[in-house]
Amino acid sequence: MIKNILDNELLQKEDIIKLLCAEGDEKKLLFEKANEIKIREVGRKVYFRGLIEFSNICSKNCYYCGIRKDNKNVKRFNLNDKDILDAAKFSFENNYGSVVLQAGETESSAFTKRIENLLKEIKKLSRGTLGITLSLGEQSRETYQRWFDAGAHRYLLRIESSNEELYKKIHPNNNKHNFQRRLACLDDLKSIGYQNGTGVMIGLPFQTTEILAEDLIFMKERDIDMVGMGPYIEHKGTPLWEYRNELLPIKERFDLALKMIATLRIYMKDINIAAATALQAIDPLGREKAVKIGANVIMPNITPGLYRNDYSLYENKPCVDEEPEECKHCLDVKIKLADAEIGYGEWGDSKHYFNRMSPGTKNRNL
Ligand code: SAH
Ligand code: SF4
């Protein structure tokens with residue numbers, strides 16, 4: 001019975017699998033419990049991170065991703081510093097509290113330096129008040145350290161799948177796509193002092209419910225502070241397109257993603273959970289639905305509209321033809337519908353981070 005599982009303090013793998021398979025009334029119970037725990041542990045507020053997808057140039061070839069290096073049908077772009085800083089200024093002026101800098105993966109000393117400089121400039125233009133998350137893939141420890149010293153305090157590096165065998169099926173098998181390196185990067189980020197974010201794609205070919213349960217256990221064992229996970233959406237410019245007929249129907253994938261979020265909220269009560277943009281690609285109210293069942297972070301896209309179409313990780317990316325200003329209005333309304341409020345101007349850091357760094361100082365508000 002789901003009810004007994006939900007009353008348990010510690011979930012076992014079999015329990016997690018049952019929660020991920022919940023349907024009908026049992027699913028409703030799962031969602032209600034997740035919302036209750038969210039409100040009790042991290043509150044009703046949703047925190048914004050203005051997402052700046054500043055370049056789709058990527059040196060990697062992940063089999064699922066539309067902007068992989070070998071996809072020749074992508075018009076590559078790289079925003080100039082002014083455009084990036086203007087977007088950050090938009091976040092600051094609209095009280096979003098934080099920005100995320102995300103891009104395809106580049107490892108070079110010029111890139112490290114550029115980001116370091118941008119971080120300092122963003123801190124300057126916001127008089128130190130904007131929180132900054134980076135999502136720039138695998139880098140050397142030294143690079144991570146320099147970016148941390150320049151002002152980044154959260155880093156999102158999805159493990160994509162914690163199952164090494166599955167990881168190998170969705171990436172080329174070479175040095176550039178190495179599961180152990182990804183784990184080592186997560187270790188580096190944590191020991192440097194970042195709030196440590198990871199996540200997985202849900203509904204990948206070859207993925208089982210058991211693997212998804214193990215993904216959640218992986219996040220707990222690694223004591224992750226924040227999670228961004230969403231449905232896998234096939235893209236025709238990628239090798240995994242070939243398996244499109246073997247996938248769960250898109251609505252079921254969406255539903256499974258919601259169940260993953262709700263179960264994770266129950267399993268890791270005080271972490272930050274982002275409502276992934278991929279949810280919105282399937283359902284216009286996807287992110288708000290996630291907020292109602294456990295998520296507490298949203299990343300509104302503030303990349304200048306001109307470039308959004310070209311940052312096409314998957315098909316049907318939402319809001320690609322809107323300007324940031326329009327996105328803002330629609331979000332205000334939709335968050336209210338999700339029984340939540342927006343934590344304007346706040347960093348909304350992961351409570352879990354502070355609880356693990358200094359147990360006893362619960363709910364410290366930094
Ligand atoms: N290059 C960086 C950040 C950009 S990609 C990195 O890889 O970490 C950001 C995320 O987009 C990836 O972690 C992946 O989980 C997600 N993504 C890529 N292709 C996707 C697809 N087809 N469906 C859903 N999510 C996808
Ligand atoms: Fe590049 Fe990230 Fe896409 Fe992989 S997932 S191809 S690293 S942008």
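The values are calculated or read from the model by the stated rules, or taken from the named source; none is laboratory data. As the structure is a computational prediction, the values presented were derived from the model and not from experiment. We place every Cβ from the backbone using ideal geometry, glycine too, and count neighbours over all the protein chains shown. These accessible areas exclude ligands, DNA and RNA; they are computed on the full protein's heavy atoms, side chains included. Shrake-Rupley method; radii C 1.70, N 1.55, O 1.52, S 1.80 Å.
Before moving on, here are some points about what is shown:
- Taken over region 117-144, the residue count meeting the criterion of being assigned to a helix (DSSP H, G or I), out of contact with any Phe, Trp or Tyr (no Cβ under 9 Å at 6 or more places or on another chain) and under 18 Å from Arg182 (Cβ atoms) is 2.
- Restricting region 28-58 to residues that are touching a residue at least 24 places away in the same chain (Cβ under 8 Å), under 30 Å from Pro205 (Cα atoms) and open to solvent by 40 Å² or more (accessible area, probe 1.4 Å), the residue that is nearest to ligand 2 (Cβ to nearest atom) is Ile57.
- Qualifying position, being open to solvent by 30 Å² or more (accessible area, probe 1.4 Å), modelled with pLDDT under 95 and either out of contact with any Phe, Trp or Tyr (no Cβ under 8 Å at 6 or more places or on another chain) or more than 13 Å from ligand 1 (Cβ to nearest atom) (or both), among Glu246, Glu242, Glu252, Glu325: Glu325
- When the residues of region 159-182 are filtered to those that are closer than 19 Å to Thr238 by Cα, within 13 Å of ligand 1 (Cβ to nearest atom) and of a type in the set (D, E, K, R), the one that is surrounded by the fewest Cβ atoms within 10 Å (Cβ to Cβ) is Lys176.
- Being more than 10 Å from ligand 1 (Cβ to nearest atom), open to solvent by 40 Å² or more (accessible area, probe 1.4 Å) and modelled with pLDDT under 95 holds for only one residue in Asn80, Asn73, Asn95, and it is Asn95.
- Any hit, region 129-138, residues being farther than 21 Å from Asn78 by Cα and within 16 Å of ligand 1 (Cβ to nearest atom): no
- Test: residue in region 257-272 that is farther than 17 Å from Met219 by Cα and not polar (S, T, N, Q): no
- Restricting region 217-234 to residues that are open to solvent by less than 20 Å² (accessible area, probe 1.4 Å) and of a type outside the set (A, V, I, L, M, F, W, C), the residue that is farthest from ligand 2 (Cβ to nearest atom) is Asp225.
- The listed residue being in a helix (DSSP H, G or I), within 22 Å of Ala275 (Cα to Cα) and either more than 14 Å from ligand 2 (Cβ to nearest atom) or in contact with an Asp or Glu (Cβ under 7 Å, 6 or more places away or on another chain) (or both), out of Leu212, Leu183: Leu212
- Test: Ile5 is surrounded by 19 or more Cβ atoms within 10 Å (Cβ to Cβ), out of contact with any Asp or Glu (no Cβ under 6 Å at 6 or more places or on another chain) and of a type in the set (A, V, I, L, M): no
- Residue match in region 162-172 (condition: within 12 Å of ligand 2 (Cβ to nearest atom), farther than 26 Å from Ala88 by Cβ, among the aliphatic types (A, V, I, L, M) and touching a Lys or Arg at 6+ places or on another chain (Cβ under 8 Å)): no
- Phe148 satisfies every condition listed in (1) away from ligand 1 (no atom under 13 Å from the Cβ); (2) buried (at least 22 other Cβ atoms within 10 Å of the Cβ) except (2).
- Some residue of region 52-66 being more than 16 Å from ligand 1 (Cβ to nearest atom), in contact with a strand residue (DSSP E or B) (Cβ under 6 Å, 6 or more places away or on another chain) and not in a helix (DSSP H, G or I): no
- Residue within region 291-299 that is within 16 Å of ligand 2 (Cβ to nearest atom) and closer than 30 Å to Asp81 by Cα present: yes
- Cβ-Cβ contacts under 7 Å between residues 6 or more apart (or on different chains), taken from a first residue in region 3-25 that is within 14 Å of Ile211 (Cα to Cα) to a second residue that is open to solvent by 80 Å² or more (accessible area, probe 1.4 Å) and acidic (Asp, Glu), are listed as Ile17/Glu210.
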